[in-house]
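Every number in this text was worked out from the coordinates using simple rules, so none of it is lab data. These numbers come from a predicted model, not from an experiment. Cβ coordinates were reconstructed from backbone atoms using ideal geometry, including for glycine residues, and neighbour counts include every protein chain displayed.
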Amino acid sequence: MTLSAEKAIESIHTMHVLIEKIFSGVNSDEDLPLLIQHFSENFEMVGAAGKKFKFEEVKQLFANNQGKMPDIKIEIYDEEIISHNQHTIVLTYTEKHTKESGILIRRSCAVIEEIQDQMLWRFLQETFTA
């Protein structure tokens, strides 16, 4: 069975709803573990500033930032599938963070794998837009 592009795009939105809840502090105790379940244990990320993060560092980043951005709002749009095969999708999307202090917009590229019927993020590259 081929990995569903719709499920991959849905996972982007699901994860960012959880991220907004965690960063804003309106999350429940289940939200952080639920977010972490979306990542492969081999997950790697290159943040918009160019720093590389491994899975354990990403988990710590979310744990350390719980409630630290009470006014954050996250929008996801312009999703586009770049490559799609039976088990992996590469896609891009725009992520807009709005806070009282300003707006940050990133263009991101993600590799999402389907393993045992679960959508798992394997890689993420973020780039600030001008």
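A few notes on this one:
- Two-site label geometry, S101 and L34: point separation in nm, points 7 Å out along Cα→Cβ: 2.7 nm
- Averaging the sequence gap over all C-alpha pairs within less than 8 Å and six or more residues apart, then dividing by the number of residues, gives the chain a relative contact order of 27 percent.
- Over region 24-91, the fraction of Cα-Cα pairs per 10 Å bin, rounded to whole percents and listed from the shortest bin up, is 15, 40, 38, 7.
- Here the Debye sum runs over all C-alpha atoms of the chain as equal scatterers in vacuum, and log10 of I(q)/I(0) at q = 0.09, 0.17, 0.19 Å⁻¹ comes out as -0.24, -0.91, -1.15.
- HN-Hα J in Hz across region 17-34 - Karplus 6.51, -1.76, 1.60, θ = phi - 60°, x for Gly and Pro: 5, 5, 4, 4, 4, 5, 5, 7, x, 9, 8, 9, 4, 7, 5, 5, x, 5
- Backbone geometry of region 61-69 corresponds, through the Karplus equation with coefficients 6.51, -1.76 and 1.60 at θ = phi - 60°, to 3J(HN,Hα) couplings of 4, 5, 4, 6, 9, 4, x, 7, 10 Hz, x marking Gly and Pro.
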